[in-house]
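Have a look at the structure below, then the notes.
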Amino acid sequence: MAQIAALHPALVIVTEARYLEEPEARPLAGVPTGHGGPWLNGLAAAFRFLDRSASRAVFISDVPTPEQYPPGCVSRHPSDVQQCATKLTAAIRLPNVKRDELELARSEHVDAVDPTSWFCAATTCPAIVGNLLVYRNIAHMEPSWSRFIAPVLADAIVPVMQGAG
């Protein structure tokens, strides 16, 4: 945080991945309260810091999570990769927390991006799009998918950099 404050960057991109249920999160000393729990309190403190320390900040919320290991599933079902898709409702980890995080970012003057539509259709999140495997494992994108969605990411971030957030 000291380095960010010293640099006062033009843009900070914030991402995170949630692996804990909110009741499992533990409060940290010195983190203000009042946002519904330790996780959101900590996130609010980080967003407030970025609002003071960077010209602009953008928060990209967690990506959908496949229910099964995509490469293994696709190798078991090469002629029917639809069996490897995850229902959207199952792919969004802690949907209420995700919603609260996005609202909190906006209320703390941090632009917020939900990348769910970059990975999922209306009801499912496929393991393969066209000829591209989306995930390398349960938590990481394939590099080819990252390159494929890079223009979409740019469309979300460039307006923030230009002040049109």
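The values are calculated or read from the model by the stated rules, or taken from the named source; none is laboratory data. The model shown is predicted, which means the values in this text are computed figures rather than measured ones. Neighbour counts run over all protein chains shown; Cβ positions are idealised from the backbone, glycine included.
Descriptive notes on the structure:
- For beta carbons closer than 8 Å, sequence separation of 6+ or different chains, a first residue in region 147-163 that is on the phi > 0 side of the Ramachandran plot and a second that is surrounded by 13 or more Cβ atoms within 10 Å (Cβ to Cβ) and outside any helix (DSSP H, G or I), the qualifying pairs are GLY163/ARG56.
- Test for THR86: is it in contact (Cβ under 8 Å) with a residue 24 or more places away in the chain, of a type in the set (Ser, Thr, Tyr) and over 27 Å from PRO38 (Cα atoms): yes
- Only one entry of ALA10, ALA17, ALA44 meets the criterion of being of a type in the set (Gly, Ala, Ser), under 18 Å from the mean Cα position of the chain (by Cα), within 29 Å of PHE119 (Cα to Cα) and at pLDDT 90 or above, and that entry is ALA44.
- Listed by position, the helices (runs of 4 or more DSSP H) contained in region 1-112 that have at least 2 residues being touching a strand residue (DSSP E or B) at 6+ places or on another chain (Cβ under 8 Å) and surrounded by 14 or more Cβ atoms within 10 Å (Cβ to Cβ) are 38-53, 70-76, 88-91, 95-107.
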